[in-house]
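The values are calculated or read from the model by the stated rules, or taken from the named source; none is laboratory data. Every value quoted in this text rests on a predicted model; they were computed, and no experiment measured them. Positions of Cβ are backbone-derived with ideal geometry, glycine not excepted, and every protein chain shown enters the neighbour counts. When the accessible area is computed, the model is the full protein with side chains, heavy atoms only, and any ligands, DNA or RNA have been set aside. Shrake-Rupley method; radii C 1.70, N 1.55, O 1.52, S 1.80 Å.
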Amino acid sequence: MPSASDVVAIVKAHQITHIRLYDADSHMLKALAGSGIEVTVGVTNEEVLGIGESASAAAAWINKNVAAYVPSTNITAIAVGSEVLSSIPNAAPVLVTAMNNLHKSLVAANLNYQVKVSTPQSMDIIPKPFPPSTATFNSSWNSTVYQLLQFLKNTDSYYMLNAYPYYGYTNGNGIFPIDYALFKPLPSVKQIVDPNTLFHYNSMFDAMVDATYYSMDALNMSAIPIVVTETGWPWQGGSNEPDATVENAETFINNLIRRVSNNSGPPSQPTIPINTYIYELFNEDKRPGPVSEKNWGLLFTNGSDVFPLSLSGSSQITGNSTAVFCVAKDDASEDKLRDGLNWACGQGKANCSSIQSGQACYLPNNIKNHASYAYNDYYQKMHTVGGTCDFDGTATTTNNDPSYGSCIFTGSSNSSTGGGALPPAASGPISSRGNTRLPVSKVQFLISAACLVVVLL
């Protein structure tokens, strides 16, 4: 592993703005001082029981691992344990107590508004995640999960989810095609549709996030944003792991960045962005288990990429020759175009400010031009979560950028790439997948004593 100062230099060189540590390594926290990088520190699973049983232990942990470093080191969240309910269930009875003890210590140190407390959980506690609309948490954990969600709501925090389409696919007995796990387009005859809501799911990642939202709803808990604290794809595996390849890892990671960078949510929560951490920065060559377990790193320890990455922002992602735009058809009737325009700017929540009088895309002032702008804005934001380019047969897709003059269409390589707002106190965590945040427009990584994770916000 590089030294802590070298790790920070590598993170800065890749324009990463959030990292998650699996622990609270003092060398890393000191090296991150003055960097401005948002940091999520981790309470290890071995520490959860003690902090849950002792308020004084929680206060000591906060003083040693948080208060001693802020404000120089920009710590914004604490991840309490890693997949506690599925990996160390004996600690489950004190998990929320541990979180409360840490939060009270933050209040005492006047840090509770800067630093949020949550706990990463795996998809394993949702036994039947598809269809998402009927997903529920494992009933044996209902009491603990309800207390957890109540804590998150009361403290204005967020749910930390570890979501791995790689495992959803490889453990799925061929139920879902690999393209679904890799964010690749599916043919019309293989669309993944929730039979109850009729929502189309273009990726397993979106379905996993939505299954978690629906599981919260089943406990009458809502308005708690989800941050994906781990996801990724291994780039090398053993002879019995044929899907762990560089090609698949590159496809997954870059499609993930493209997906998260549009700042939309899953079909049931389209206005809540899915802030996401990528697992992980470096390989863990001494990690036990199959070959794939050791090969999730995005970077070699000299800072070079394992495969080409688009980590510097959405402009690099959308400004390519494969961009797809949605525009009005030449032969569409004005009445249908007007209906489509009204829907896109209304219920469809397209940003139609640029086609108002005096704005960049108002002229030429005709229904076809205005409809094209609105249709495209809707499509760019929603196509990855089931939105289509149809509008009652009045729209079609094109690879030709419809921008003109100072009128820049959403998705154009010339469009602005400002980062979207995060959920309350969203921050960058680093966790350890299996046991143990980053705007896509600003990549983020997770770090532990042995590894780093990238975060997409």
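Considering only residues in region 314-331 that are at pLDDT 85 or above and open to solvent by less than 20 Å² (accessible area, probe 1.4 Å), the one that is farthest from N400 (Cα to Cα) turns out to be A328. Of all the residues in region 104-135, those that are open to solvent by 60 Å² or more (accessible area, probe 1.4 Å), within 19 Å of S87 (Cα to Cα) and not in a helix (DSSP H, G or I) number 2.
Scanning region 70-82 turns up at least one residue that is open to solvent by 20 Å² or more (accessible area, probe 1.4 Å), assigned to a loop (DSSP other than H, G, I, E, B) and aliphatic (A, V, I, L, M). Taking region 137-180 as the range and being open to solvent by 60 Å² or more (accessible area, probe 1.4 Å), under 18 Å from V228 (Cα atoms) and either touching a Lys or Arg at 6+ places or on another chain (Cβ under 8 Å) or not in a helix (DSSP H, G or I) (or both) as the test, only D156 passes.
Which residues, counting only those in region 370-388, are under 12 Å from G348 (Cβ atoms), of a type outside the set (G, A, S) and either more than 21 Å from the chain's Cα centre (by Cα) or outside any helix (DSSP H, G or I) (or both)? The answer is Y375, N376, D377, T388. Listed conditions (1) open to solvent by less than 30 Å² (accessible area, probe 1.4 Å); (2) part of a helix (DSSP H, G or I) are all met by N63, apart from (1). Among the residues of region 181-210, those identified as out of contact with any strand residue (DSSP E or B) (no Cβ under 8 Å at 6 or more places or on another chain), aliphatic (A, V, I, L, M) and either over 17 Å from T384 (Cβ atoms) or open to solvent by 30 Å² or more (accessible area, probe 1.4 Å) (or both) are V189, L198.
For region 230-288, name all the residues that are among the basic types (K, R) and open to solvent by less than 40 Å² (accessible area, probe 1.4 Å).
R259, R287
Of all residue pairs spaced 6 or more apart or on separate chains, those with beta-carbon atoms under 7 Å, a first member in region 1-14 that is part of a helix (DSSP H, G or I) and a second member that is among the aromatic types (F, W, Y) and modelled with pLDDT under 90 are V11/F445.
Which ones in region 17-36 are in a loop (DSSP other than H, G, I, E, B), open to solvent by 10 Å² or more (accessible area, probe 1.4 Å) and of a type in the set (A, V, I, L, M)?
A24, A33
Scanning region 343-361 for residues that are of a type in the set (A, V, I, L, M), open to solvent by less than 40 Å² (accessible area, probe 1.4 Å) and part of a loop (DSSP other than H, G, I, E, B) yields a single hit, A350.
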